[in-house]
Every structure is written in structure tokens, then in C-alpha cells.
Amino acid sequence: MPDFIYLDHAATTPIDPRVREVMTPYLDSQFGNASSVHRLGRRARFVVEECRERVADAIGAEPGEIIFTSGGTEADNLAIKGALMAASGGHLITSAAEHEAVLRPAEAHARRGEPLTLLEPDPFGRVTAGMVENALEPQTTLVSLMHANNEVGTLTAVREIAALCREAGVAFHTDAVQTMGLLRVDVGEMGVDLLSASAHKIYGPKGAGFLFVRGGVELAPLIEGGAQERRRRGGTENVAGIVGLTEALTLAIRESDARRSKAEGLRRHLLAALDAALDGIFRLSTPRDPSLAVPNIVNVHFPPVDGATLDGEMLLLNLDMEGVLVSAGSACTSGAMEPSHVLRAMGIEDRAAQAAVRFSFGKDTTEQELTLAVERLAGIVRRIRKRAVAS
Ligand code: PLP
């Protein structure tokens, strides 16, 4: 048993032993390069193409519509930069609450003098179809909005927005990194043109993911080299990673009903525990209505009391010392304790957003762990506040 309570599954998950087992031969004796013509190469090619079929099948796509990548960040970059490059630029619509893997390419697009609309989400973190409709222009090339927000869990009405985009003849990309295996992800039903996913958020290996690109959607490659991935992503295939990704995705989908209903129960338990222990002290950044958010992410923040701000970094470090591993926001930005761009975009004031905690639970999290985590959080908050008021 680990000597900590891990509540940071939106940052990454441990590898599932069943995934590790199927990967091992490809890190060992089956080391062939999928481009080699001899037996080891042919075996690797066969496995990669079999995985492509399984991934495609799992999300309602065709095998030729799947591009294996090094993870969610590369998939997002390939979607945004690749689609815009293929269209020789144009107007991009996205939101201020997106992951950095979308925001940074969007900003680079704007720096090149191309038009960019950054939609401001509502106080729940939602970007609505109405907001997109108002922002669409004749020169709009691409709309990119995440399926679930990685910091607060808020869901986007992708189906409705995808339909709107299709009608306008605009490509629609969604980052589904946080919803794979928790919500149904079927590219046909969703109507999306591009969709990003990552293995390490669903008990697969780090450094593996994919981008779905609907047939007929033009995409320029970001990485040029060999003819891999139909010349849309050069480089020797990460066979073990692809095998791990495929197995993780298969398990996530097979077990999605159980994982989702477990997460829903844990969410109810966590909210009740927070309400009981910290009533009036914390605010939910995540929407309380369960239909508005992915069930495994709960984000809370602490507004200042009598002018005294809670120190977010101290909060996280104290939690770590007491064995509770959580995040302040997205893992990528928690090194620098800047208030989260997502909370800011939702209109939460900096002094409150600065003291935010994201709990994200996984398939093996227990109610007892959540109870303990809240008890420890409440003790730490009281201690820090007492010190802040005294000083
Ligand atoms: N998109 C979202 C919504 C994420 O949560 C993450 C991970 O933090 C990424 C993209 C990046 O994925 P990866 O870590 O596989 O590059």
C-alpha cells in the first residue's frame, strides 16, 4: 500500500498491470521497426495496424482516420497547426479555458497576424453553442473546444457545436483527453472532425496518444520524415506505446459504465464531506450540477477572509506532507503558483483562484481516502487561516 492518497488522476494515472503486460514483449523481444521488411518488422507493422483498427473501432472511426502521436499535446498541436496550415490560415475560434496545448498554438497563430477569437467561458466554465454561433465569420477555418476541462471538469456541448460548425462548413476539433473511458466518445455521434486523446490519463503509458482526423479533412504534417502515418506524422512508430494505448483504451471503454458510476458516487461523497468540514470556507469552482461536469474532477477554491488570502502553495505543500497528493490546477502550471488561467477565465478573482485545489479521482479511489483527504485539508486550512489572521 502506498503511504499517500493519490487524488491527481487528471494529471496522470498509474499504468494498469494488464496494460503493462501486453506492452512488455514490444519493449523486449518484439523490438522490430515497423518499416523493416523482415519478420520482426512485419510483426511490428501488423501490430501497429491491428491497434489502429481497434482504436478506430472503439471511437466509431475508420482506421485511416487515426494518427498515432506522442500524446495529447502533440495531437492538439497537430490538429490546430495542421488544420490551419492546410487551409493557409484563417480565423480560429477557441476558448480562454482550453489546455495550454491548444492555447499556445492559438496564440502563435495570432502572432502571425491571423485572426483569433478567444471565447470567455461563463462562471461555470462553459462555452455555449450560442457563443460559437456569434463568433463564426465567413473566414473561420477551425473551432477548437475541449470535451471536458482538465482543471474544473466542465463539459462542452460538443454535439451541438459540431453540428453548428458542420452547417457553417467549419472544421471542429475537440480535446477529449479528460473524457476517454468516462463518457461515451463516438466521433460519429459527436460529429467532430478532429479529436485528441492521450494514453496516460487512462492507465496507459506516457508518451502515447492519437488524433482522429475525419476523412476528407485537410491536415498538414508537423513532423516530416519517413512515410509513417500516411505522411502525416514522420518518425518510427512507438510500438510498445501504441500497444499500451490501445489496451488502455479498450479497457477504459469496456469498464466505462463501472468507472463512471463509481466516480459519480465518489463525487457525491467528496462534496458532502467538503460541505460538512469546510462549509462557508470554500467555494466550488466545479459546477455542482453533475450533468455539467465530468464526474472525477472536483475543484475548490478559498476566498480571502477578513482580507487574509490563503497561500495556495502552502496549502498544497502541507497536503503533500500529510500524504494527500492533489493539484493546484493543471499539472503543467503548478510549478509556478500563478492563479489558474481557467479559474481567471471563469471570473474567479485572483486572490481566491490562487488558493485552489483540484481533486481528481480514479478507478481505484475509495470513499475512505476522500474522507481522510478532506479531514486533512480542513485541518490545514484552519491552521493556515489562524496563522494568517494572527500575523
Ligand atoms: N489536453 C488536456 C485536456 C490535458 O488534460 C492534457 C494533460 O495534461 C493534455 C492535453 C496533454 O496531454 P499529454 O500529457 O499526453 O501531452
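As a summary of the residue check, PRO105 satisfies the conditions (1) within 16 Å of the ligand (Cβ to nearest atom); (2) in a helix (DSSP H, G or I); (3) touching a residue at least 60 places away in the same chain (Cβ under 8 Å) except for the one numbered (3). In the set (1) in a helix (DSSP H, G or I); (2) away from the ligand (no atom under 13 Å from the Cβ); (3) surrounded by 17 or more Cβ atoms within 10 Å (Cβ to Cβ), the condition left unmet by THR117 is number (1).
Sort out which residues of region 77-98 are surrounded by fewer than 22 Cβ atoms within 10 Å (Cβ to Cβ), of a type outside the set (Gly, Ala, Ser) and within 16 Å of the ligand (Cβ to nearest atom), and write them in order of number. Steps first, answer last, please.
At the first step, the residues of region 77-98 found to be surrounded by fewer than 22 Cβ atoms within 10 Å (Cβ to Cβ) are 77, 81, 85-91, 96.
Now drop any that are not of a type outside the set (Gly, Ala, Ser), which leaves 77, 81, 85, 91.
Passing the criteria: ASN77, LYS81.
Does GLU74 qualify as being in a loop (DSSP other than H, G, I, E, B), within 12 Å of the ligand (Cβ to nearest atom) and touching a strand residue (DSSP E or B) at 6+ places or on another chain (Cβ under 9 Å)? So GLU74 does not fit the description; no.
Please specify each residue of region 18-71 satisfying the condition of being within 16 Å of the ligand (Cβ to nearest atom), of a type in the set (A, V, I, L, M, F, W, C) and closer than 24 Å to GLU224 by Cα. Across region 18-71, the qualifying residues are VAL55, ILE66, ILE67, PHE68. Here GLY209 fulfils each of the conditions (1) at pLDDT below 95; (2) crowded, with 23+ Cβ neighbours inside 10 Å; (3) not acidic (Asp, Glu) apart from (1).
Residues that are buried (at least 18 other Cβ atoms within 10 Å of the Cβ) and within 16 Å of the ligand (Cβ to nearest atom) are absent from region 130-140 altogether. Please indicate, with yes or no, whether at least one residue in region 373-380 is touching a Lys or Arg at 6+ places or on another chain (Cβ under 9 Å), closer than 19 Å to GLU151 by Cβ and modelled with pLDDT of 95 or more. So far as region 373-380 goes, no, none of its residues is touching a Lys or Arg at 6+ places or on another chain (Cβ under 9 Å), closer than 19 Å to GLU151 by Cβ and modelled with pLDDT of 95 or more.
Quick check on region 141-151: of everything there that is farther than 24 Å from ALA328 by Cβ and not β-branched (Val, Ile, Thr), which residue is farthest from the ligand (Cβ to nearest atom)? Per the stated criteria, the residue is LEU142. Scanning for something in contact with a Phe, Trp or Tyr (Cβ under 8 Å, 6 or more places away or on another chain), at pLDDT 95 or above, crowded, with 19+ Cβ neighbours inside 10 Å and not small (Gly, Ala, Ser), does region 213-220 turn up at least one residue? No; the residues of region 213-220 include none that is in contact with a Phe, Trp or Tyr (Cβ under 8 Å, 6 or more places away or on another chain), at pLDDT 95 or above, crowded, with 19+ Cβ neighbours inside 10 Å and not small (Gly, Ala, Ser). Determine, yes or no, whether PRO303 is part of a loop (DSSP other than H, G, I, E, B), surrounded by fewer than 22 Cβ atoms within 10 Å (Cβ to Cβ) and out of contact with any Gly (no Cβ under 9 Å at 6 or more places or on another chain). Considered against the rule, which asks whether it is part of a loop (DSSP other than H, G, I, E, B), surrounded by fewer than 22 Cβ atoms within 10 Å (Cβ to Cβ) and out of contact with any Gly (no Cβ under 9 Å at 6 or more places or on another chain), PRO303 comes out as yes. All conditions but one from (1) among the basic types (Lys, Arg); (2) touching a residue at least 12 places away in the same chain (Cβ under 8 Å); (3) surrounded by fewer than 19 Cβ atoms within 10 Å (Cβ to Cβ) apply to ARG254; the one that does not is (2).
Select from region 343-363 the residues that are farther than 21 Å from ALA293 by Cβ and outside any helix (DSSP H, G or I) and list them in ascending order.
Going residue by residue through region 343-363, those that are farther than 21 Å from ALA293 by Cβ are 349-351, 354.
Residues satisfying the conditions are GLU349, GLN354.
The values are calculated or read from the model by the stated rules, or taken from the named source; none is laboratory data. All figures in this text were calculated on a predicted structure; none of them were measured in a lab. Positions of Cβ are backbone-derived with ideal geometry, glycine not excepted, and every protein chain shown enters the neighbour counts.
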